[in-house]
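A short write-up of the structure that comes next.
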Amino acid sequence: MPGLSTAHSVVEPSALSKRIAQGIVILYALLTMIPLAWILLTGFKTPPDSISYPPKLVFQPSLEGYCNLFTTRSRQTPEYIAGLPPAEGMCDEIARSRNMVVAGPSKFVPRFVNSLVIAFTSTLLAVGLGTLAAYGFSRFRVPLADDLLFFILSTRMMPPIAVAIPIYLMYRELGLSDTKLGMILLYTAVNVSLAVWLLKGFIDEIPREYEEAAMIDGYTRLQAFRKVVLPQAATGIAATAIFCLIFAWNEYAFAVLLTSGEAQTTPPFIPFIIGEGGQDWPAVAAATTLFVIPIFVFTILLRKHLLRGITFGAVRK
Amino acid sequence: MAEVRLDAVSKHFGTGEAAVTAIAEMSLTIGDGELVILLGPTGAGKTTTLRLIAGLEKPDAGRVSIGGRDVTGVNPAERDVAFVFQQYSLYPHLSVYDNLAFPLRSPARRVPEAEIRRKVGEVARLLRIEDKLNNRATHLSGGQMQRVAIGRALVRRPAIYLMDEPLSSLDAKLRSDLRLELKRIQQELGATILYVTHDQIEAMTMGSRIGVIDRGRLVQVGTPREIYENPVDLHVAQRLGQPGINLVPRALLPEVPAPPGAHTIGARTEHVRIARAGHADGVGLVRWIERLGDQNHLHVTLRGQDLVTLGEPDSDLSVGDRVGVEFLRPLYFDAAGRRIAAGA
Ligand SMILES: Nc1ncnc2c1ncn2[C@@H]1O[C@H](COP(=O)(O)OP(=O)(O)OP(=O)(O)O)[C@@H](O)[C@H]1O
Ligand SMILES: [Mg+2]
């Protein structure tokens, strides 16, 4: 019978087709990693090496980019530098070789900390609110549920930057311009709609019987939610958190518009590096390299949840 | 353990055109320490009845009381019931041990861990799942899952156990073992149980009473014997008996002294007797003999109507024989399927 030939989905693929698939995946991964590798390498070049043509693949590694990223420097005459006491530390030495002296720490660390605080807090809020709202929509009879869900989604139907001017004016009125709180609220608001929709899908997949069983077993709804729903929604929550974090971490347009000092995040800060004292590509590359690390670590940490997959089969359908 | 009462409980689902009456004015009392069987076709409202008692559904009308307390508006957690779901719904993220311990660990109960270990061990032994305690709940066979689900109820001593076809996916041997085991537990503990089943033997042997439910109505409640021998209508008569009761249109059997208004005559297999021609209510043709070992099922055609009757295993009848058929204690039903008394 032709209708019964579903066995191919169960049979292990042949060694050859596995090889080919692996080859394609590795090739694609390598291709996408070229820009990242380029940035990583550039971070360890000297400024002249970074703009030499043809590009140098083999070069004398230097920490000049990282030094320039973390410090501010001022240009001095060679005579002045010769009259100074011996250089303290490597960065000072590198600076003097370029007729400069280290004037102090740069703003990179505070900007990076801003990014961490704003991105992680807004992700936590968006995922937390999103989980609760999604659970509510999934389990209770909410009046006008479909309209509300559509409304929530509709906030994503135009590019957020389209409302930049109203938000800018609103924030100025409310005193939220250039505050971490303002950026956290903004990113949470943008992300929460995505979180509600993604998580509603995941929670809809969790059969109600689990909570019902827990409630009969002596748990309140909230306790059942914590003990039974949350562990099973972990996969979805992890995936949603990664999406939200990536958005909040990388967001550029609002950050440029709404932050300039105190609350500035890393993305609008990076272009500033170029401006200070010529085109300092190694410093930009160093900043970008460091900027990628938190997302990278976060994704690796949550990988276990992402890969664990959704559990099928404990409820007979 | 406690007495559980349903008073004129009704439950509807949906609205307007799509409205379904799942339960209609059902009144039923499950006595303290009694095991009542709920029997009915699919969609009859058996699961809904259990869910109403558990508090997972709120009745549209009527009252539910447990141990004399009106619990109609009370949360499931505060009703002190245990539920074995038709879908076995083990917590897939927990091990078998943690599944069994889950009710005992509820914030409302706070049983000490040592006590939990003891109880879980006891129940696991009883249900023969001791060697599975460390498995993930999803790494079990269907029958093992069902036993864990039963175990999750048995670790507690609730006011009532609600069991929705708890043995349906077990093999025959395990099923009969557990049937006896459940019955024993019920008698030892004096447990109150409301038990849904499709299984004839479970219905006949386990319960002190059977409630037959059809389209949301409780049609008849009585001892298994009453339900079997004195069904109030055709529907109830057909629910029990394996093979099912023989139903013959009255018009085919003019010889039978049926009361006026009788439309259908029913006779259980053991009440259809192969008789000598002179004594018979009709003459039929043996069409097929099922030899089951301890007995035979004789399929006889009588005036175009198939009947099944029991035959002795050593009878010398063979296919094609003409035999007289006699009805002992026939049941009479009117055109609407209601039972009418014999010899009226
Ligand atoms: N949540 C619900 N929403 C709408 N209709 C429902 C719901 N639950 C049950 N019903 C309807 O109520 C009726 C009774 O259902 P119930 O599950 O109690 O049947 P059952 O006797 O347990 O059947 P089965 O033997 O198949 O398990 C059915 O017609 C069903 O479609
Ligand atoms: Mg059911």
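Just one of the listed residues (B:ALA262, B:ALA203, B:ALA237) is in contact (Cβ under 8 Å) with a residue 24 or more places away in the chain and assigned to a loop (DSSP other than H, G, I, E, B), and it is B:ALA262.
Taking the listed residues B:LEU94, B:LEU100, B:LEU56, the one that is under 15 Å from A:ALA214 (Cα atoms) and within 16 Å of ligand 2 (Cβ to nearest atom) is B:LEU56, with no other qualifying. Is it the case that A:VAL196 is buried (at least 21 other Cβ atoms within 10 Å of the Cβ) and away from every other protein chain (no Cβ under 14 Å)? In short, yes.
Quick one: which of B:ALA153, B:ALA172, B:ALA149, B:ALA124 is within 16 Å of ligand 1 (Cβ to nearest atom) and hydrophobic (A, V, I, L, M, F, W, C)?
Selected residue: B:ALA149, the only one of B:ALA153, B:ALA172, B:ALA149, B:ALA124 that is within 16 Å of ligand 1 (Cβ to nearest atom) and hydrophobic (A, V, I, L, M, F, W, C).
Quickly run through segment B:60-116 and pick out the residues that are among the hydrophobic types (A, V, I, L, M, F, W, C), part of a loop (DSSP other than H, G, I, E, B) and either within 12 Å of another protein chain (Cβ to nearest Cβ) or touching a residue at least 24 places away in the same chain (Cβ under 8 Å) (or both). Result: B:VAL74, B:PHE85, B:LEU90, B:LEU94, B:PHE102, B:LEU104, B:ALA108, B:VAL111. Taking each residue of segment B:29-57 that is farther than 24 Å from B:LEU189 by Cβ and within 14 Å of chain A (Cβ to nearest Cβ) and looking for partners that are small (Gly, Ala, Ser) and within 13 Å of ligand 2 (Cβ to nearest atom) with beta-carbon atoms closer than 8 Å, six or more apart or interchain, yields B:THR48/B:ALA22; B:THR48/B:GLY216.
Checked against (1) within 15 Å of ligand 1 (Cβ to nearest atom); (2) out of contact with any Asp or Glu (no Cβ under 7 Å at 6 or more places or on another chain), B:ARG69 passes all but condition (1). Taken over segment B:149-169, the criterion of being more than 21 Å from the chain's Cα centre (by Cα) and either part of a helix (DSSP H, G or I) or within 16 Å of ligand 2 (Cβ to nearest atom) (or both) is satisfied by B:ARG152 alone. Listed by position, the helices (runs of 4 or more DSSP H) enclosed by segment A:137-241 that each have at least 3 residues that are more than 30 Å from A:ARG111 (Cβ to Cβ) are A:145-154, A:180-204, A:208-216, A:221-224.
Taken together, B:THR29, B:THR42 contain a single residue that is within 11 Å of ligand 1 (Cβ to nearest atom) and either surrounded by fewer than 19 Cβ atoms within 10 Å (Cβ to Cβ) or of a type in the set (Ser, Thr, Tyr) (or both), which is B:THR42. Here B:ASP177 passes the criteria (1) acidic (Asp, Glu); (2) modelled with pLDDT under 90; (3) crowded, with 21+ Cβ neighbours inside 10 Å except the one numbered (3).
The values are calculated or read from the model by the stated rules, or taken from the named source; none is laboratory data. Since we're looking at a predicted model, the values are computed, not measured. Backbone-built Cβ (ideal geometry, glycine too); neighbour counts: all protein chains shown.
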